[in-house]
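Here the structure comes first, spelled out in structure tokens, and everything after it is commentary.
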Amino acid sequence: MIYPNRFRRNGILLAIGLVLVLAAIIAWQMRSIDHLATGQQQRSFVVDCDFDKFRQIMVRKNATAAIVSHTGMRLIGERIEGVAVDTSQDDRPLLNAIRGVSKTEVTAVKELTVQLENPMLEASELVLEQNADIQPDHIDVITASKGPAGRLKRYQTTLDAKPDPDGTRVVLTVELEVLVNVPSLFKHRADAGVQQAADDAINGQAAAIEAFIARHADELLILPELNR
């Protein structure tokens, strides 16, 4: 008659043991950890503007401030670190520049300081280095963080523009790395959140470029901005 009681007692102990194990697993999964969440996105689209005029607008007007303002940042400082101009392929550089068919090659390096508008990043400013390669048949611009800023460990965008039968083909990329503190169980949510930030950033950049080019595309003469 004592065997059923023993079995019952053993069953209760086993159940308690399972509950404790499950509780330990849940507690382990709910502990807060630092997790490096990443987001990457690429977008290709055509701007209704021929490449020569697109090139003029991007070089002579300050597109940087307009683009940055659509990515959760605000441009607060801009410093030219180096510029190289090669007119060897252009027999009439001044005339062709006025006509908007310049063959001059330009490379430039800028340091940009932007204000971050997301308090979750735990930083107010981010310093970027921008490398621009402006050729007669393409534009390549790489903008990357010079170091971490708060929880934003890495930020990089690229812009590639080339002639297209319908205007100018633009390819954008965005890469983000953010250190987040979350329960281990919810790492996937953090990854999804940073990926959404990358999606929003690239959509904002695309919209900003299209609006910026449209603002100047009808101008007969693209004059440089003197207050840059």
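The values are calculated or read from the model by the stated rules, or taken from the named source; none is laboratory data. Bear in mind the structure is a predicted one, so any value in this text is a computation, not a measurement. All Cβ positions, even for glycine, are placed from backbone atoms using ideal geometry, and neighbour counts span all protein chains on display. Just the protein is used for accessible areas: all its heavy atoms, side chains included, with ligands, DNA and RNA removed. Shrake-Rupley method; radii C 1.70, N 1.55, O 1.52, S 1.80 Å.
Put the Cα centre of segment 34-86 next to the Cα centre of segment 148-211 and the gap is 13 Å.
Counting only lysines at least 8 places from LYS53 when in the same chain, those with an alpha carbon closer than 19 Å to its own are LYS61, LYS103, LYS162. The shape of segment 102-228 can be summarised by an equivalent ellipsoid whose semi-axes, obtained from the alpha carbon gyration tensor, come to 33, 17, 14 Å from longest to shortest.
Maximal additional length on extending the GLU122-ILE33 stretch stands at 30.4 nm, based on 0.36 nm per residue less the C-alpha distance. For chymotrypsin sites (Phe, Trp or Tyr not before Pro), no site in segment 149-224 is both called loop by DSSP and has at most 12 other Cβ atoms within 10 Å.
With K and R counted +1 and D and E -1, the other residues having a Cβ less than 13 Å from that of SER145 yield a net charge of -1.
For segment 110-228, the solvent-accessible area works out to 51 Å² per residue, with a probe of 1.4 Å and every protein chain left in place. Placing pseudo-labels 7 Å out from each Cα toward the beta carbon at ASP200 and LYS187 gives an inter-label distance of 2.4 nm. Rg/Rh for segment 169-212 to two decimals, with Rh computed the Kirkwood way over all alpha-carbon pairs. Value, to two decimals: 1.14.
For segment 105-191, the list of GluC sites (Glu not before Pro) that fall in a loop by DSSP and count at most 15 other C-beta atoms within 10 angstrom reads GLU117, GLU122.
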